Amino acid sequence: MNILKIDNVSFSYDKEKLVLKNINANFKTGIIYGIFGRSGAGKTTLLSLLAGLETPSSGIISYKDQDISKINNDKYRSTNMGIVFQSFNLLPHLTALENVILSMNISNIKINDKEKKALALTLLKKVGLDETKAKRKVLQLSGGEQQRVSIARALSYDAEIILADEPTGNLDRDTEEDIINLLTKLAHEENKCVIIISHSEYVKKASDKVYFLANGNLKEAQ
Ligand SMILES: Nc1ncnc2c1ncn2[C@@H]1O[C@H](COP(=O)(O)OP(=O)(O)O)[C@@H](O)[C@H]1O
Ligand SMILES: [Mg+2]
């Protein structure tokens, strides 16, 4: 199913230089996408547009055929997509478990506290963190473990779309492979639409579909 669609989108921050020029793309569930391009090419900008954090200067981005500039953005971001950042963006003094529960509270899911805790523990287990690690402060976890927490957080309200901006940029090669394998499984086994921005060859190989962004143009790799 087409879940996100980019239709003739252009974008500039300052009305002068276009960062994105009439780009088009379709994203489906069950597929992992890799988006590549040099630093400054506009990859993060593209992700911000998909997340509804920026609005296209022209053109339309739609989520399930609805123009996202016309839907409630906060609700869209907090329920329909999970975002994973290079810098993890976790609250360091809270435990892994508390970070996941916090994001459930923000997305306003309708389950009680006990159920939230059980679900959070299940999700953390799914990404490879047992209960001992789940109850550790994020500060006391390794980089790879912290990125696992942020993936569990992205899954906490069952969003269908996972957007990841250089999720393995701060990780070593083996840890990178584990994290990308986890994201691949989410696409292939749980039918998520996973979009990863990266520089990594491993991500390129793992992606079902690869796009390149250069000079404001988005091109699909053949
Ligand atoms: N908030 C902003 N205001 C103005 N210009 C920005 C802003 N964010 C990014 N840019 C510019 O837009 C271009 C694309 O940036 P970005 O999307 O971050 O690239 P990438 O993620 O591919 O490295 C760069 O020239 C950058 O300087
Ligand atoms: Mg970037």
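The values are calculated or read from the model by the stated rules, or taken from the named source; none is laboratory data. The shown structure was predicted, so the numbers you read here are calculated from the model rather than taken from an experiment. Here Cβ is always computed from backbone atoms with ideal geometry, including for glycine, and neighbour counts include all displayed protein chains. We work out accessible area using only protein heavy atoms, side chains counted, and drop any ligands, DNA or RNA first. Shrake-Rupley method; radii C 1.70, N 1.55, O 1.52, S 1.80 Å.
Here are some notes:
- The lone exception for LEU139 - which of (1) surrounded by fewer than 17 Cβ atoms within 10 Å (Cβ to Cβ); (2) closer than 27 Å to SER48 by Cβ; (3) not charged (D, E, K, R) it fails: (2)
- Residues that are more than 19 Å from ASN26 (Cα to Cα), away from ligand 2 (no atom under 16 Å from the Cβ) and open to solvent by 40 Å² or more (accessible area, probe 1.4 Å) within region 158-189 comprise ASP158, ASP172, ARG173, ASP174, GLU177, ASP178, ASN181, LYS185, GLU189, listed in sequence order.
- Of all the numbered requirements in (1) crowded, with 22+ Cβ neighbours inside 10 Å; (2) modelled with pLDDT of 95 or more; (3) within 18 Å of LEU4 (Cβ to Cβ); (4) away from ligand 1 (no atom under 16 Å from the Cβ), ALA154 misses one, and that requirement is (2).
- Breaking point among (1) open to solvent by less than 30 Å² (accessible area, probe 1.4 Å); (2) touching an Asp or Glu at 6+ places or on another chain (Cβ under 8 Å), for LEU123: (2)
- Scan of region 159-178 for residues that are hydrophobic (A, V, I, L, M, F, W, C) and touching a residue at least 40 places away in the same chain (Cβ under 8 Å), ordered by number: ALA159, ILE161, ILE162, LEU163, ALA164
- Among the residues making up region 1-26, those that are in a loop (DSSP other than H, G, I, E, B) and open to solvent by 80 Å² or more (accessible area, probe 1.4 Å) are MET1, TYR13, ASP14, LYS15, GLU16, LYS17.
- Neighbours by Cβ (under 8 Å, 6+ apart or cross-chain): first from region 211-222, farther than 18 Å from ILE195 by Cβ; second within 12 Å of ligand 1 (Cβ to nearest atom) and in a strand (DSSP E or B): GLY216/LEU20
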